[in-house]
Every structure is written in C-alpha cells, then in structure tokens.
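No value in this document is a laboratory result; all are computed from the given coordinates. Small disclaimer: the values here were computed from a predicted structure and weren't measured. Neighbour counts run over all protein chains shown; Cβ positions are idealised from the backbone, glycine included.
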Amino acid sequence: MKLSISSELQYDVPSEADLLLQIEAAIIPEQRVVSAHIELPPVQHFARVTGHDTIGDRIWLRMQGALTVRYNALVEINRLTADIAQLQAVPPHLLPGETIEYILPSRYCASDQFQQIVGDLFGDTQGGARVAAIRDWIEANLTYQAGSSNASTGAMDTYNAREGVCRDFAHLMISMTRASAIPARFCSVYGLGVEPQDFHAVAEVFLDNTWYMVDATGMSTPDTMAKIGVGRDAADVSFLTSYGLANMQNQSVQVTAG
C-alpha cells in the first residue's frame, strides 16, 4: 500500500521562539519513504534531531514571524500485521529494558488508576486477547467528537466522559493496556480513512516481542498508516511544540491511496 501525504501548518510567531516540529513520515524498515519534500521559510536556526526511540526526526527551528510548513510525501507501507487476539504478552520480568517506560504511568496515561477497572471489565482475558478486548470496548463505548477535549484531558477524563478525539482514544487504549502489564506507547501517524482528515494518533502494543499498531477509533488499519513518531503519550510526539508564543492560523492534512 502506498500513501500520498500532504500537510500544511501556518503559525504566527510574534517574538523569537524555539519550535520543535515533527510531521515527517519516519524512515524505518516497516515503511519506505519513496519521495518526500518539506518546505520551510528562512529561519535563524535549523537542526534535525532523532525522535523518541530513534523513530523519525524532529526539527528544531528558531524564528520570529510567519511560519508556513508544507510537507509532501509518498510512502510505501510494508508493516507486519497480525490478529492481535492471538498474540502472547511478554511477562513483565522478561521485558526488554527499552520497553519498561511503557508499562509506567505518564502525563496523559495514568495507568495506575485503571488497574481495578481493567480487572472488572477484562478480567477473563490476557495477552493479545486482553488488548483486542480493550480496543473493541473503546470503539463500542466512546464517541468520536471533535472539540470534546483539550490539551489537559487525560485518559481518566476520557473514560468518564465517554467521548474524545483520536489522541484521547489512544491515551485510554494505552492506559488500559499498561494497567494490564503490557507495554503500550503513543504513535503519531498519517492514516488513510481518517475523518475528518488530520494528524492521527493510535496506540502501539508490545506482544510476542514486537510492536503492533492498534487504532481504537476503528478508522484506520496498520497497513494504511504511515508512522511519524512514538512516545509515552501525546506530549512526546506533538507535531509542533513551542517554547515561546506561537498562534496557529491554519492546519490541513490529506492522505490518499498512492
């Protein structure tokens, strides 16, 4: 599957600020970036740094004034897919060291608050079957509602409200999975079939010693998503983090079959 991707960000930066940008499809074995181009205005400073878990690039910008970023890419997806329900969990004491942070609570994923909840809801399942049950429960019980959450909304807020956007679905998926002692991380992607079109967020779960994408919104599938970056939660993989004032003027994303 090839995906044709285009995105554009427009910001007003009234005074000098440092901006951390992450919108490019990652160059990793599970996907091949056939072609890509990013267009930026003149800036005072530009530097590429490696993303979380060495997946994807972040770009440091220092600038003031009007910021317009345009990104276009053609990405071929070659990702391993599997029936999640048939996979086995790795016992916590056998987990690789680099996965440990993903069974711990984080800013938006207070997984320690969900241990009783997942026991009550999914106590008769384990491993991949538990992950599949969590995914199906979220898709069935939450409403995708634009504007229903904000930058401070955490997984427990979403659980109580029973509504949110893709990042909220992902945070709840991650929190419930971590509460089940299965590593889970936040994954920023471009996804085919996402409505309304936007940067998309899903979970990745660690089963059978491999990371697998899980979209609890049900809008996209692992073989139709181009990965941008990963992290503990949305705070680690924002498409733009500003150290200084930056006012969004416009944002657009389009993903089509290439």
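Computed values, structure above
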| quantity | calculated |
| --- | --- |
| Relative contact order [Cα under 8 Å, 6+ residues apart], the chain, whole percent | 30 percent |
| Normalised contact order of region 84-236, rounded percent, pairs of Cα under 8 Å and 6 or more residues apart | 28 percent |
| Over region 1-71, relative contact order from alpha-carbon pairs under 8 Å, at least 6 apart, % | 50 percent |
| Residue with peak Gaussian network fluctuation, the chain [Cα springs, cutoff 10 Å], from L21, L245, L61 | L245 |
| Net charge contributed by nearby residues that have their C-beta within less than 13 Å of Q64 (K/R +1, D/E -1) | -2 |
| Summed side-chain charge close to A203 - residues other than A203 whose Cβ falls under 9 Å, Lys, Arg +1, Asp, Glu -1 | 0 |
| Percent breakdown of C-alpha pair distances by 5 Å bin, ordered from the shortest bin, for the chain | 1, 6, 13, 18, 19, 16, 13, 8, 4, 2, 0, 0 |
| Neighbourhood net charge (9 Å Cβ-Cβ; Lys/Arg +1, Asp/Glu -1) for F169 | -2 |
| Per-residue [θ]222 nm for the chain (sum of -39500 (n - 2.57) over DSSP H runs n ≥ 4, rounded to 500) | -5000 deg cm²/dmol |
| Listed residues T217, T81, T143, most fluctuating in the chain (Gaussian network, C-alpha, under 10 Å) | T81 |
| Exposure proxy ranking, count of Cβ atoms within 10 Å, fewest first, for D233, D168, D124 | D124, D233, D168 |
| Ranking of M248, M225 by count of other Cβ atoms within 10 Å, fewest first | M248, M225 |
| R79, R70, R48 arranged by Cβ crowding within 10 Å, fewest neighbours leading | R48, R70, R79 |
| Hydrodynamic radius (Kirkwood) for region 117-237, which is based on Cα pairs only, to one decimal in Å | 14.1 Å |
| In range of the label at L20: residues from region 129-172 whose backbone nitrogen is under 18 Å from the point 7 Å along Cα→Cβ | 151-152 |
| Residue with peak Gaussian network fluctuation, the chain [Cα springs, cutoff 10 Å], from G191, G128, G119 | G119 |
| Degrees separating the helix 166-179 axis from the principal Cα axis of the chain, which is the longest one | 40 degrees |
